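Peer 1: Submitted below is the structure of interest, expressed as structure tokens.
The values are calculated or read from the model by the stated rules, or taken from the named source; none is laboratory data. Bear in mind that the values here come from a model prediction, so they are computed numbers and not experimental data. Cβ atoms come from the backbone with ideal geometry, glycine included; neighbour counts cover every protein chain shown.
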Amino acid sequence: MKNILKQLFLVGFLSIGFGLNAQINRTLDTKVADILAQFPVSDAKHNDQLMEDMLSLNTAGLQKFTQMLVPAGTGDDAAVRYALNSLATYVSKVDSPSRELVEQAILQALNTVQDQEIQSYLLGRLAFCGTDRSVTALTPFANHPKLYKDALATLQSIGTEAAAAEILKAAENSPTETATYSAALGALKYNKALPFISKEANSKLSTHRKEALAALAQIASPDSYALLSEKAQQANYLGSNDNATITLLHYGYNLNKKGTKSLASTVGHELLENCTQPEQLHFRSAALAILAESEGADFGRTLLKEIKNPDQAYRGAVLGIAQQEQFKNLETKWIKAYKKADDATKAQLLAFLADSQNPKAQALLLKGFESKSDNVRVAAAKAMAYQPKAKAVSQLLDQLEKPQSDQVLTSIQESLARTASQKEGGLLLAKLNTVPEHNKSAIIKTLGQKEVAASFDALVALTSSPDESVRDAAYDAIASVAAADDIDSLLAVLDSAATDKQAQQTQKAITGLIATSEASLDANILTGYRASKKPERYYPLFSALGSPEALAALEKAVKTTHSSQALEALGKWQGSEALPILLEAAKAQTTHDTAFYGYLNQVDKSGLPADQRLLLAKKAMPLAKSGREKMRVLKSVERTKTFLALVYAGEFLEDSEINKAAAGAVVHIALPQPGKENGHQGTVARELLEKSSALLTGPDSQYVKIDIREYLENMSNEQGFVSIFNGKDLSGWEGLVKNPIARSKMSKRQLAREQEKANAQMMRDWFVKDGIIGFKGEGYNNICTIKDYGDFEMFVDWKITHGGDSGIYLRGTPQVQIWDIARTDVGAQVGSGGLYNNQKNERIPLTVADNPVNEWNTFYIKMVGERVTVYLNGVLVTDNIALENYWDRKLPIFTKEAIELQAHGEDLGFRNVYVREIPSGEELLTEAERKDGFTALFNGSDLSHWIGNKTDYYAENGVIHVNPKRGGHGNLFSAEEYDNFVFRFDFKLTPGANNGLGIHAPLRGDAAYVAKELQILDNTAAIYANLKPYQYHGSVYGIIPAKRGHLNPVGEWNSQEVIVNDDTIKITLNGTVIVDGNIKEATKNGTLDGKDHPGLQRHNGHIGFLGHGSELWLRNIRVKRIK
């Protein structure tokens, strides 16, 4: 036991360490290529790791990146640019050796590259990481006719005194374009540039003047005031091309920021004196803000004067400034100002004083209610929301004692909503008895908003109010205050509601109770329903109840004069129980339309598994009365996106009435959704897409056809699911002769005789009608496929009658059970889909998922090795359970045998029988390979022959998908070790893909050095343009270079054979020998890469696929030991 534990620990430890040293000795070019192959990245942690990897390459490595930049339009350097941009941003966070390293690399590149577009790109990266070290190097670019803006932006980003001085120097040397220099100097607030900028402010060009004036405002030197004032005067303190007035405002603002408040006041008063016209008031309000900052509380008197301005927006700006803490002592004066103000100003002042705790201000708010102006009263009502709550509620309710306009009433109610709480419920209720009838609506709404349960009876009484607004408010509020105990009263209100709107409001209240009440309300509602003269008003309640009694009531109501309301309620039923009723109603002429569409809508939103939804949708097709209705069925079919949905939609491509809709459905089902891998593959999908593409028309059809063509071009040539029942006859099927063991003991002649008898019996017992395999016999005579199957997945629809019993035999062995779950005497209540004949392994389904007898069901069955998975109607019922050999339990399950359909003497039916063979390893071998001693290392379904990284490497659709984005680490190695061997495999690359084949490898270390690595690489990628000859595809890394030019185009499969015999390695790629060399001979004068390769002395070890962060696919992996 101790030895076993040690071995387990060692395997676990080694698996963790597979990739620890994977990059230690690789050449610089390879490291750079490996990093680039991983861009772009979406994960921040992954990005940071790549940044550290780049920095670890030091100057030489970073130069490799910059040397790979190419002029725009001459190549693809997107990954390089992405990497450098990320790196410059990454090191910009701190001033560290890393930042200096990147800065120097970019500066070196700037000194050598000649292309202006690349120079522009590099200058942009330098803006992130540049320091004073870069200033001198930027000198040549600061006056460059095309690159000066990039250089100035970088200098501005550096932002030091030296950078500003360099900009000024360049500005003084610039022959024409100086506006950009002025802007940069202003942004850096460089005082020494004032003479230059001031000169520019008098330029004849408005763009130059505009930037120069803005720069002077940013620097905010007192010496600039005269000039800026002069320019504003020349513009008459209005808007102008050079923004002189705005610039003067910015100047005053920046003077305040610098603490030069005296001059800021001068600027503010100048603007105040000269901006008096309506079109200048926005400048004037900005001047007020400058003065408020520079003069403080002393400026308050000016604000009191400014409130008299006739412009409402301007007054609002004045009051906005007056809200500053420094002007709080003016509150009494604002109150006095109210008396002489016009109504519009009074409304603004009430809003301004809303939160004041000054008793005089509070009295003023109440006085506002006395105004003849609705606007003033509205302002007073809204202001009350900011007063102490309890007091405000009382005062607002007092105002309701008086007649109020609807506008004021709404404002009072909004303030009550903000100030009242449930504690004031009694006060609110008391006021209901004293306020005018029309005003009650405000109280009612508040009671509802605060959920005052005690108000229920009062609100019910008010549903009969003579005032329409009060009635509506009462019906609305009831839903918020009702409790389960009020259900009978609510039902009475529902019956007495005078309008549909009132009924709907009451229904909302009751459905709310149904959803929240712990006690059942079914009995109350059903009793009320039976006694009601308006039973249709109860139908929406039944949908909310969801009980069998409610469903039965709706089913009965469908046949009454209120069928449309009943069907509408059924359409809103939560769950799938209403579907049979809707389907039945769709058969009747009077209820067809509503029921038909209601049924399909319910199917779509049912939440049932896709296989079940498809079965349900197909039921509606025979009931469709028009092309429009057929298309609606196809839409529901399309939404399931299953393989059998694809097959079903394809059946209508020949129907001229709906073939275009069918084509659209086929395309939507077959093609993957954006960002997902849920498209369909195989011959069926290919043929249906090709047919559909020819039928598509319309303005966007050309784009869809392009999508189809691209999808088909990338689709594998595998058959995928194929039909093993042609829908017409029993071709491909034969009668069953005993069992596989018994048959194996028969002579060929005896087996032929028995088969002839069984086939005759099959033709007597089994038949095909309307695309269905049926049984009409009385015995137990199964039929089976003529072809034998190994690993496979299968779809089949089946249907049985009452008391039915059947099954699907897998590889000649019983069985995936099918039976009527009502047969409790034989245990059928557990449901279909279990492995009935198992004794040791699980035989009972996980759950019951059967549809009622006489209705179709769908099995999805997957068998790999001895293990079986079954989904029944989309529900998992058997989860990867081993099927036992019924015929001899001491033997394993048969490797290959027929699929059988079982008969038990009852009527049954099978249709849509599709099988996709999952290639096992041995089946992938050619007959010659089997005879020659090859064995498969990949069975097409799992990685049972492999150890290591099974996260990034995984079996998918018969191939190994290498997907580094899944977050795994390390390499994938063969479980066994090999010395001399022949190894064959197929691989498909993505652009820039990089992997490797390790031979004689240990489970740790970089296989290129501790073993031997044979490159797997997209030679055509631009990022690999500068590799050494011994680094390209097929090369024995660092030792023997391979011939190039024999890879198939990226995205196509390649076949490769590797023969290893002692020190001799021969590699054949797509029929061409690309390596044929001897390790000792190749290294007698040292290795080509000059590195130590201790692994060259190893002649035994694992075969491994070595991940370098790239996506690719592998298949047909087989090996033969050379003795």
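Peer 1: Mind checking which helices (runs of 4 or more DSSP H) fall wholly inside the stretch 590-676 and carry at least 2 residues that are over 33 Å from the mean Cα position of the chain (by Cα) and not hydrophobic (A, V, I, L, M, F, W, C)? Talk me through it step by step, then tell me what you get.
Peer 2: On the way: elements: 592-605, 610-620, 627-640, 643-650, 659-670.
Qualifying helices (runs of 4 or more DSSP H): 592-605.
Peer 1: Among what's in the stretch 1016-1043 and is polar (S, T, N, Q) and surrounded by 24 or more Cβ atoms within 10 Å (Cβ to Cβ), pick the residue that is nearest to I1067 (Cα to Cα). Please lay out each step first, then the result.
Peer 2: In the first step, residues of the stretch 1016-1043 are kept if they are polar (S, T, N, Q); the result is 1019-1020, 1026, 1031, 1035.
Subsequent filtering for residues that are surrounded by 24 or more Cβ atoms within 10 Å (Cβ to Cβ) retains 1031, 1035.
Working: Q1031: 15, S1035: 9 Å.
Among those that are polar (S, T, N, Q) and surrounded by 24 or more Cβ atoms within 10 Å (Cβ to Cβ), it is S1035.
Peer 1: Quick one: how many residues across the stretch 404-421 are more than 16 Å from K382 (Cα to Cα) and either out of contact with any helix residue (DSSP H, G or I) (no Cβ under 9 Å at 6 or more places or on another chain) or charged (D, E, K, R) (or both)?
Peer 2: First, pick out the residues of the stretch 404-421 that are more than 16 Å from K382 (Cα to Cα): 421.
If we keep only those that are either out of contact with any helix residue (DSSP H, G or I) (no Cβ under 9 Å at 6 or more places or on another chain) or charged (D, E, K, R) (or both) too, we end up with none.
Adding up the residues that qualify gives 0.
Peer 1: Keeping to the stretch 304-325, report how many residues are within 28 Å of R418 (Cα to Cα) and of a type in the set (D, E, K, R).
Peer 2: Selection size over the stretch 304-325: 2.
Peer 1: Using beta carbons and a limit of 8 Å, which pairs, at least six apart or on different chains, have the first residue in the stretch 342-357 and in the same structural domain as Q312 (by TED's automatic domain parsing) and closer than 11 Å to V378 by Cα and the second one of a type in the set (K, R) and buried (at least 21 other Cβ atoms within 10 Å of the Cβ)?
Peer 2: From the stretch 342-357, no pairs qualify.
Peer 1: Looking only at the stretch 998-1014, decide whether some residue is surrounded by 19 or more Cβ atoms within 10 Å (Cβ to Cβ) and closer than 28 Å to M715 by Cα.
Peer 2: no
Peer 1: Additional query: Name, by its number, the condition in (1) outside the structural domain of G774 (by TED's automatic domain parsing); (2) modelled with pLDDT of 95 or more that does not hold for M746.
Peer 2: Failing condition for M746: (1).
Peer 1: Limited to the stretch 512-542, what total is found for residues that are at pLDDT below 95, part of a helix (DSSP H, G or I) and among the polar types (S, T, N, Q)?
Peer 2: 1
Peer 1: Taking into account only those residues within the stretch 930-960 that are touching a residue at least 40 places away in the same chain (Cβ under 8 Å) and surrounded by fewer than 18 Cβ atoms within 10 Å (Cβ to Cβ), which is nearest to E917 (Cα to Cα)?
Peer 2: Let us first name the residues in the stretch 930-960 that are touching a residue at least 40 places away in the same chain (Cβ under 8 Å), namely 932-942, 947-949, 952-953, 957-960.
Still in the list and also surrounded by fewer than 18 Cβ atoms within 10 Å (Cβ to Cβ): 932-933, 935, 942, 957.
Working: D932: 25, G933: 24, T935: 19, D942: 14, N957: 10 Å.
So the residue we want is N957.
Peer 1: Please pick out the residue among I1059, I1023 that is of a type in the set (V, I, T) and assigned to a helix (DSSP H, G or I).
Peer 2: Result: I1023 is the single residue among I1059, I1023 that is of a type in the set (V, I, T) and assigned to a helix (DSSP H, G or I).
Peer 1: Among the listed residues V481, V470, V558, which satisfies the condition of being of a type in the set (A, V, I, L, M, F, W, C) and over 30 Å from K445 (Cβ atoms)?
Peer 2: Result: V558 is the single residue among V481, V470, V558 that is of a type in the set (A, V, I, L, M, F, W, C) and over 30 Å from K445 (Cβ atoms).
The rows are residues; the columns are (1) crowded, with 19+ Cβ neighbours inside 10 Å; (2) part of a helix (DSSP H, G or I); (3) at pLDDT 90 or above; (4) among the acidic types (D, E).
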| position | (1), (2), (3), (4) |
| --- | --- |
| Q7 | no, yes, no, no |
| P40 | no, no, no, no |
| L50 | yes, yes, yes, no |
| L62 | yes, yes, yes, no |
| P71 | no, no, yes, no |
| T74 | no, no, no, no |
| Y82 | no, yes, yes, no |
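Peer 1: For the stretch 577-587, name all the residues that are touching a helix residue (DSSP H, G or I) at 6+ places or on another chain (Cβ under 7 Å) and either in a loop (DSSP other than H, G, I, E, B) or surrounded by fewer than 22 Cβ atoms within 10 Å (Cβ to Cβ) (or both).
Peer 2: Within the stretch 577-587, E577, A578, L579, L583, A586, K587 qualify.
Peer 1: Ok, one more. Out of the strands (runs of 3 or more DSSP E) lying entirely within the stretch 783-841, which hold 2 or more residues that are at pLDDT 95 or above and of a type in the set (G, A, S)?
Peer 2: Of the strands (runs of 3 or more DSSP E) lying wholly inside the stretch 783-841, those with at least 2 residues that are at pLDDT 95 or above and of a type in the set (G, A, S) span 805-810.
Peer 1: When you scan the stretch 823-869, how many residues do you find that are over 25 Å from L644 (Cβ atoms), of a type outside the set (G, A, S) and surrounded by 21 or more Cβ atoms within 10 Å (Cβ to Cβ)?
Peer 2: The first filter runs over the stretch 823-869 and keeps only residues over 25 Å from L644 (Cβ atoms), leaving 823-830, 837-844, 865-866.
If we keep only those that are of a type outside the set (G, A, S) as well, we get 823-826, 829-830, 837-844, 866.
Okay, now just the ones that are also surrounded by 21 or more Cβ atoms within 10 Å (Cβ to Cβ), so none.
The total comes to 0.
Peer 1: Does S692 satisfy the criteria of being part of a helix (DSSP H, G or I) and surrounded by 13 or more Cβ atoms within 10 Å (Cβ to Cβ)? Outline the logic, then answer.
Peer 2: Numbers: part of a helix (DSSP H, G or I): yes; surrounded by 13 or more Cβ atoms within 10 Å (Cβ to Cβ): yes.
Against the criterion (part of a helix (DSSP H, G or I) and surrounded by 13 or more Cβ atoms within 10 Å (Cβ to Cβ)), S692 qualifies.
Peer 1: Between E200, E211, E230, which is without any contact (Cβ under 8 Å) to a residue 24 or more places away in the chain and buried (at least 19 other Cβ atoms within 10 Å of the Cβ)? Steps first, please.
Peer 2: Details: E211 fails: without any contact (Cβ under 8 Å) to a residue 24 or more places away in the chain; E230 fails: buried (at least 19 other Cβ atoms within 10 Å of the Cβ).
Matching residue, one of E200, E211, E230: E200.
Peer 1: Can you tell me which residue is surrounded by the fewest Cβ atoms within 10 Å (Cβ to Cβ) among those in the stretch 406-454 that are in contact with a Gly (Cβ under 8 Å, 6 or more places away or on another chain) and in a helix (DSSP H, G or I)?
Peer 2: The residue in question is A454.
Peer 1: Continuing with the same structure: Show me the helices (runs of 4 or more DSSP H) entirely contained within the stretch 326-398 in which 1 or more residues are closer than 21 Å to R418 by Cβ.
Peer 2: In the stretch 326-398, the matching helices (runs of 4 or more DSSP H) lie at 343-352, 359-368, 374-383.
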